[in-house]
1. For region 226-265, enumerate the residues that are charged (D, E, K, R), away from the ligand (no atom under 16 Å from the Cβ) and open to solvent by less than 60 Å² (accessible area, probe 1.4 Å).
2. Please return the ranges of strands (runs of 3 or more DSSP E) entirely within region 22-129 where 1 or more residues are polar (S, T, N, Q) and open to solvent by 10 Å² or more (accessible area, probe 1.4 Å).
3. For Thr221, which of the numbered conditions (1) away from the ligand (no atom under 16 Å from the Cβ); (2) surrounded by fewer than 17 Cβ atoms within 10 Å (Cβ to Cβ) fails to hold?
4. Please enumerate the residues belonging to region 10-21 that are outside any strand (DSSP E or B), charged (D, E, K, R) and on the phi < 0 side of the Ramachandran plot.
5. Name every residue in region 174-192 that is within 18 Å of Ile119 (Cβ to Cβ) and outside any helix (DSSP H, G or I), in order of residue number.
6. Could you count how many residues in region 74-100 are in contact (Cβ under 8 Å) with a residue 24 or more places away in the chain and either among the acidic types (Asp, Glu) or more than 15 Å from the ligand (Cβ to nearest atom) (or both)?
7. Please identify the pairs in which a residue from region 225-240 that is within 15 Å of Lys264 (Cβ to Cβ) and of a type outside the set (D, E, K, R) has its Cβ atom under 7 Å from the Cβ atom of a residue that is open to solvent by 30 Å² or more (accessible area, probe 1.4 Å) and outside any loop (DSSP other than H, G, I, E, B), counting only partners at least 6 apart or on another chain.
8. Please state which of the following conditions Glu4 fails to meet, knowing it meets all the rest: (1) in a strand (DSSP E or B); (2) within 13 Å of the ligand (Cβ to nearest atom); (3) open to solvent by 10 Å² or more (accessible area, probe 1.4 Å); (4) over 18 Å from Ala157 (Cβ atoms).
Amino acid sequence: MLTEGLVVAHECLGEEAQRLRRLVLKGPIARTAKAGQFVAIQVQDSSISSFDPLLRRPISLAEISQDQDEITLLYRIQGRGTEILARARCGEQLSVMGPLGNGFSLPIEGELWLVAGGIGIFPLYALAQSALAQGLMVRLFWGGENQSFLKSAGLPAWQALGIPIHLSTLDGTLGVQGIVTGQVQGRLSELFGQTNQADPISPVQISVATCGPKKMMQAVTELCRNFAVPVQVSLEERMGCAVGACLGCVCTLVDESGKYLHKKVCQDGPVFLGEEVVWDESC
Ligand code: FAD
């Protein structure tokens, strides 16, 4: 759906040095949206031309409020497009396409583990909210550079959900020093006993949803495979049109019979089963 979103809030998220922003748009997208979907938002430098830059920028839905007809987008200013977006003021209308993509599937029961690296945390908040609303147990593993980043990128909002949270930072300023996969591995081993057991069984049914750097999602998928834990991964390829026409975001998957398939992240994803993603794209 191509529609307009009214900017009802647009503010700096946390410390300015982190270059993070929170943008709330009012419009019809919230009515049909689900966690894991995204919007393609038009950013225009009107001082140059209304077609510059030409391509919309994909941003995930961090919160969906059907009651208020509002979606919240959290983003980091990376380059020209997001720099222009950061200038949008309350009361402006922005052209948004969405909701796009497939979104996450919620398990029927058990414990949902969310594993985030850096700003990969953003789409997982909407997922946590819908999982909690459905009565699922939710546990967060989140790794970032340092304490300042984690606090700026929404840690207080996560703490307010009252769920168990395992943090890691590269410099050790908050949580365990190291990368987030270490914490996931530790918790899996605690639950299932030692790895490489012939038939590992957990007392509670676990499923995992992850978003962040590709290497991290690959590592999470491999860890979970050892324990037959299902993993959904949200891929973030660079996108052109965001509606499946330009083939700019194609990724390779492999099906159960070993056949390679090419899928569009914008239309068939961005969420895929970790086990079907071909992480080494040279095949
Ligand atoms: P550019 O000048 O285009 O690029 C600046 C830098 O960002 C370059 O180093 C470039 O390689 C890198 N970059 C650009 N696009 C991507 C991408 N897709 N993935 C990784 N690196 C990229 N960002 C958020 O901050 N919050 C979100 O919720 C969010 N959700 C996304 C959901 C999807 C499905 C996808 C595909 C991307 C998402 N991104 C998100 C990434 C965001 O779209 C890019 O950061 C943005 O397009 C950069 O545009 P730009 O013009 O500012 O930067």
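1. First pass over region 226-265, keeping only residues charged (D, E, K, R): 236-238, 255-256, 259, 263-264.
With the extra rule that they be away from the ligand (no atom under 16 Å from the Cβ), the set shrinks to 255-256, 259.
Within region 226-265, Asp255 is the sole residue that qualifies.
2. Of the strands (runs of 3 or more DSSP E) lying wholly inside region 22-129, those with at least 1 residues that are polar (S, T, N, Q) and open to solvent by 10 Å² or more (accessible area, probe 1.4 Å) span 57-60, 63-65, 70-76, 93-100.
3. Result: Thr221 fails condition (2) only.
4. Step one: filter region 10-21 for residues outside any strand (DSSP E or B), giving 13-19.
Those left that are additionally charged (D, E, K, R): 15-16, 19.
Matches in region 10-21: Glu15, Glu16.
5. Leu174, Gly175, Ile179, listed by residue number.
6. Final tally of qualifying residues: 6.
7. Met239/Pro58
8. (2)
The values are calculated or read from the model by the stated rules, or taken from the named source; none is laboratory data. All figures in this text were calculated on a predicted structure; none of them were measured in a lab. A quick note on method: Cβ atoms are made from the backbone with ideal geometry, for glycine too, and the neighbour counts reach across all protein chains shown. Only protein heavy atoms, including side chains, enter the accessible area calculation; ligands, DNA and RNA are left aside. Shrake-Rupley method; radii C 1.70, N 1.55, O 1.52, S 1.80 Å.
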